[in-house]
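Okay, structure first, notes after.
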Amino acid sequence: MKKRILVLCGGISQERLISLDTGKQVAIELKKNKYTVLTSEPDHTLLKNIKLFKPDIIFNALHGQFGEDGYIQTILETQKIPYTHSGVIASSIAMDKEISKKIFIENKILTPKYIKYDYKKNTNITKTIEKKLKFPVVIKPINEGSSVHVHICSKKNIIKNLKTLRTYDQILIEEFIPGREIQVAIMGNKTLGAIELKPKRKFYDYEAKYNSNAKT
């Protein structure tokens, strides 16, 4: 008998629309394969939907904050139902770019040099960057995914771009290392092949990933 699968998508992160699209496509494919499927938002209806639908597995199609950072995983753990995605601790660590980088450094894994930017403490960030990193640099929120609000900055536009990230408490500023965009999928201990992505835009940013007009 085919399993009952609850597909979790939507949410309130910056990647809500992408998550909804992911959930829709996952549900379509599961139904094609004769699974019983219910799609749910991670809102006040979630626990009710779980109780009524009684899924065998929860497919986590959430993107970004509250979906990939350990929050929803903590809630799902209380339901004692298997779910896709990493667990609470792994999700939390992987979503926090600073913690991830500290683990890389501790284990001698190469990672770009970085500094953490705090609006209240870093008064002359341009001088700090010139001293510790050199331009150009990459700026990004510490806990977003899908290249949301990622910018490659020169000395001329660093302040302007930092202002667009004022809603975040802390920003990661890294040295810029140019290179090719190559992704490798891994399932268990098996690599499923590599694919190179060639964006038409300046780099593989949010638009390049999800907007078909970007022609990546």
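The values are calculated or read from the model by the stated rules, or taken from the named source; none is laboratory data. Since this is a predicted model, take the numbers as computed values, not measurements. So basically every Cβ, Gly included, is an ideal-geometry build from the backbone, and we count neighbours across all protein chains shown. The protein model used for the area step is the full one, side chains on, heavy atoms only, and it has no ligands, DNA or RNA in it. Shrake-Rupley method; radii C 1.70, N 1.55, O 1.52, S 1.80 Å.
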- prompt: Which of the residues belonging to the stretch 175-187 are more than 27 Å from Lys132 (Cβ to Cβ) and open to solvent by 70 Å² or more (accessible area, probe 1.4 Å)?
  reply: Ile182, Gln183, Val184, Ile186, Met187
statement: Considering residues that are over 16 Å from Glu68 (Cβ atoms) and buried (at least 18 other Cβ atoms within 10 Å of the Cβ), the number found within the stretch 7-29 is 1
query: Does Ser154 satisfy being in contact with a strand residue (DSSP E or B) (Cβ under 9 Å, 6 or more places away or on another chain), open to solvent by less than 70 Å² (accessible area, probe 1.4 Å) and small (Gly, Ala, Ser)?
result: yes
- prompt: Can you tell me which residues in the stretch 90-138 are open to solvent by 80 Å² or more (accessible area, probe 1.4 Å), modelled with pLDDT under 95 and closer than 23 Å to Tyr204 by Cα?
  reply: Lys134
- request: Check Leu47 against each of (1) over 24 Å from Met95 (Cα atoms); (2) in contact (Cβ under 8 Å) with a residue 24 or more places away in the chain; (3) part of a loop (DSSP other than H, G, I, E, B) and name the one condition it does not meet.
  value: (3)
task: Those residues that are more than 17 Å from the chain's Cα centre (by Cα), outside any loop (DSSP other than H, G, I, E, B) and surrounded by fewer than 18 Cβ atoms within 10 Å (Cβ to Cβ), I need them from the stretch 162-173; list them, please.
output: Lys163
- line: Those residues of the stretch 75-101 which are in contact (Cβ under 8 Å) with a residue 12 or more places away in the chain, in a helix (DSSP H, G or I) and of a type in the set (Ser, Thr, Tyr) amount to Ser91, Ser92
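Take Ala61 and decide whether it is in contact with a strand residue (DSSP E or B) (Cβ under 7 Å, 6 or more places away or on another chain) and of a type in the set (Gly, Ala, Ser).
So Ala61 fits the description; yes.
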- request: For the stretch 43-59, name all the residues that are open to solvent by 40 Å² or more (accessible area, probe 1.4 Å) and either more than 22 Å from Arg16 (Cα to Cα) or under 25 Å from the mean Cα position of the chain (by Cα) (or both).
  value: Asp43, His44, Thr45, Leu47, Lys51, Leu52, Lys54, Asp56, Ile57, Phe59
message: For the stretch 60-74, which positions are free of Cβ contacts under 8 Å to residues at least 40 places away in the same chain and surrounded by 16 or more Cβ atoms within 10 Å (Cβ to Cβ)?
response: Gly70, Tyr71, Gln73
